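Since every read-out is calculated from the coordinates, none of them should be taken as a lab result. Small disclaimer: the values here were computed from a predicted structure and weren't measured. Every residue, glycine as well, gets a Cβ built from its backbone with ideal geometry; the counts of neighbours run over all protein chains shown.
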Amino acid sequence: MGKITLEGLEFFAFHGFYDEEQKIGNKYGVDITVETSFEKAKDDDKLSETIDYTELYRIIREEMNKPSRLLENIGGRIMNAIFDNFPLVTFIEISVYKFNPPIGGICKRAIVTQSSARSD
């Protein structure tokens, strides 16, 4: 088994619990690690035998473009989409974060981290 990680992905999106957050938007980030087998890729040197970073990013970007109230919902949707599109992925850990969340004080990021194993 091996891990592929994309760190510090940034998006401007219209998520948030409060209606005004969904109107004005904010900067969000994603860190994701997926686990998969590298057995064929390490021997064959073929992209089709592993996870294509470009496709992984495309899926994350598509889900980030769909407004949500909760970071938990965004992360869950991203994990479901990755499992649906990458049969080789066996486990995912994802952190979705909002920069400068409206909490009434100074906070650089609010971060929600969750993980899931393929249930097939």
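Just to confirm my filter: which helices (runs of 4 or more DSSP H) fall fully inside segment 11-85 and include at least 2 residues that are among the hydrophobic types (A, V, I, L, M, F, W, C) and closer than 17 Å to Thr113 by Cβ?
53-64, 71-85
Collect the residues in segment 50-96 that are within 10 Å of the chain's Cα centre (by Cα) and hydroxyl-bearing (Ser, Thr, Tyr), keeping them in residue-number order.
Tyr57, Ser95
How many residues are of a type in the set (A, V, I, L, M) and free of Cβ contacts under 8 Å to residues at least 12 places away in the same chain when one looks only at segment 46-77?
1
Return only the number of the condition from (1) out of contact with any Asp or Glu (no Cβ under 6 Å at 6 or more places or on another chain); (2) at negative phi that Thr90 does not satisfy.
(1)
Could you grab me the full set of residues in segment 7-29 that are closer than 30 Å to Phe91 by Cβ, surrounded by fewer than 16 Cβ atoms within 10 Å (Cβ to Cβ) and in contact (Cβ under 8 Å) with a residue 24 or more places away in the chain?
Glu7, Phe17, Lys27
Touching a Gly at 6+ places or on another chain (Cβ under 6 Å) and touching a residue at least 12 places away in the same chain (Cβ under 8 Å): which single residue out of Phe99, Phe38, Phe91, Phe86 fits that description?
Phe38
Please state which one of Ser95, Ser116, Ser68 is in contact with a His (Cβ under 9 Å, 6 or more places away or on another chain), surrounded by 13 or more Cβ atoms within 10 Å (Cβ to Cβ) and hydroxyl-bearing (Ser, Thr, Tyr).
Just a single option satisfies the conditions, and that option is Ser68.
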